[in-house]
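Input: a single structure, listed below in structure tokens.
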2 protein chains.
Amino acid sequence: MTTTIPPSTPNGVDTTALFATLDAVKAQPDLATFQFRATNTWISGTHNVSTIDGYYGAGQEFGRAGGFRFDADHPPVLTGSDHGPTPVEFLLHALAACLTAGLVNIAAARNVTLTEVSSTVTGDIDLLGILGLDPEVRDGYSGISISFRLAGDASPEELVQLVERSRQRSAVYDVLTNGTAIQIEVNAG
Amino acid sequence: MTTTIPPSTPNGVDTTALFATLDAVKAQPDLATFQFRATNTWISGTHNVSTIDGYYGAGQEFGRAGGFRFDADHPPVLTGSDHGPTPVEFLLHALAACLTAGLVNIAAARNVTLTEVSSTVTGDIDLLGILGLDPEVRDGYSGISISFRLAGDASPEELVQLVERSRQRSAVYDVLTNGTAIQIEVNAG
């Protein structure tokens with residue numbers, strides 16, 4: 001007689017694969033070296049489009065069948081045409097997406113079944129900075145706030161702890177709060 | 001006899017509107033106060049979706065006819081299903097989009113006609129951080145590089161200067177290099 005153990009996928013997370021990934025990286029740490037990429041092409045005015053496709057990780061190159069394409073633009077009030085969100089709005093999406101993916105994985109690892117995760121992110125910015133009208137005003141967001149709503153089979157305290165743990169392990173939260181080095185190269189020959 | 005002056009739109013930028021915006025904000029600086037927003041909903045596993053729609057700015061609320069919708073996910077090698085890019089990849093798109101929109105506006109203001117602006121962005125990340133396997137490794141990108149290709153009716157030096165000026169006035173570059181404060185609130189009641 002054979003007993004088949006069904007895969008454990010709380011919250012849609014394959015925890016068997018998750019723990020196997022952790023074991024594989026523990027055994028071979030250079031599998032954790034990743035490089036992500038985007039290419040961007042200017043269309044007209046403030047409208048441009050990025051393609052996100054291949055990346056390097058786990059010791060190999062990966063493609064994604066043509067990748068994903070995203071327009072960015074300014075709204076008419078900022079002399080654009082609303083062909084896509086503004087670049088700074090994509091930062092808000094990235095933050096919500098990273099914290100959410102992380103907390104769902106952490107919930108799965110803790111055997112917490114979630115029934116709802118939603119969030120609203122706001123970013124405040126004084127455009128006197130980028131318009132060059134006040135040197136005391138920074139170019140970027142003066143602050144970002146994110147408000148989560150969570151429901152699941154754990155106490156409110158345990159649900160709050162999922163967000164806190166995700167924050168501690170979030171790549172986007174780290175970059176947006178601490179910054180990172182950016183190198184710029186220009187070929188105009 | 002009436003002479004009609006055609007609008008000046010180098011690079012697709014309405015410079016008349018651009019300079020009018022600057023004048024309006026100079027006269028009434030609180031028009032520069034903006035708030036951008038995104039809402040995010042978890043779907044399953046690491047897959048979630050954001051909607052980017054309304055924002056506040058120039059003294060009023062704006063909507064964008066249902067807004068823009070973006071999926072984020074992890075790839076299969078990171079226990080996701082590739083329903084969208086990873087959250088960190090959206091940071092690369094945001095950077096390229098912001099620097100590009102800025103330099104095109106600056107070129108228009110300087111009467112430089114551009115024929116090409118394209119860029120490739122890469123972000124290096126060691127996942128030992130977010131996997132919790134090495135406390136010495138940060139969660140986010142160790143570094144980001146962006147390489148531009150520009151062509152237009154200006155000298156290579158002038159084209160390079162467009163990128164440099166855009167960098168100095170880029171909201172996304174500022175946040176990604178210097179960080180910003182993030183407040184997190186959780187409603188799990």
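Some notes on this structure:
- When residues of region B:108-136 are limited to those that are more than 8 Å from chain A (Cβ to nearest Cβ) and touching a Gly at 6+ places or on another chain (Cβ under 7 Å), the one surrounded by the most Cβ atoms within 10 Å (Cβ to Cβ): B:Val112
- Restricting attention to region A:144-181 and to residues that are aliphatic (A, V, I, L, M) and outside any helix (DSSP H, G or I), the residue that is farthest from B:Leu95 (Cα to Cα) turns out to be A:Ala154.
- The residue that is least open to solvent (accessible area, probe 1.4 Å), among those in region B:21-30 that are of a type in the set (A, V, I, L, M, F, W, C) and either more than 8 Å from chain A (Cβ to nearest Cβ) or closer than 19 Å to A:Phe68 by Cα (or both), is B:Ala24.
- Residue match in region B:71-81 (condition: open to solvent by less than 10 Å² (accessible area, probe 1.4 Å), among the small types (Gly, Ala, Ser), at the interface with another protein chain (Cβ under 7 Å from one of its Cβ atoms) and within 28 Å of B:Glu164 (Cβ to Cβ)): no
- All positions within region A:1-23 that are of a type in the set (Ser, Thr, Tyr) and modelled with pLDDT of 75 or more: A:Ser8, A:Thr9, A:Thr15, A:Thr16, A:Thr21
- Scanning region A:151-179 for residues that are in contact with a strand residue (DSSP E or B) (Cβ under 8 Å, 6 or more places away or on another chain) and either of a type in the set (A, V, I, L, M) or open to solvent by less than 10 Å² (accessible area, probe 1.4 Å) (or both) yields a total of 7.
- Only residues that are within 18 Å of the chain's Cα centre (by Cα) and surrounded by 15 or more Cβ atoms within 10 Å (Cβ to Cβ) were counted in region A:41-57, giving 7.
- Leading residue by the ranking (nearest to A:Thr41 (Cα to Cα)) among those in region A:58-70 that are within 17 Å of the chain's Cα centre (by Cα) and crowded, with 17+ Cβ neighbours inside 10 Å: A:Phe70
- Residue in region A:82-99 that is hydrophobic (A, V, I, L, M, F, W, C), open to solvent by less than 50 Å² (accessible area, probe 1.4 Å) and farther than 25 Å from A:Phe70 by Cβ present: no
- Of all residues in region A:155-189 being at the interface with chain B (Cβ under 7 Å from one of its Cβ atoms) and of a type in the set (Lys, Arg), the one that is farthest from A:Thr100 (Cα to Cα): A:Arg169
The values are calculated or read from the model by the stated rules, or taken from the named source; none is laboratory data. It should be emphasised that the depicted structure is a prediction, and the values quoted were computed from it without experimental measurement. Every residue, glycine among them, receives a Cβ derived from its backbone with ideal geometry; neighbour counts consider all protein chains shown. Surface areas here come from the heavy atoms of the whole protein model, side chains and all, with no ligands, DNA or RNA. Shrake-Rupley method; radii C 1.70, N 1.55, O 1.52, S 1.80 Å.
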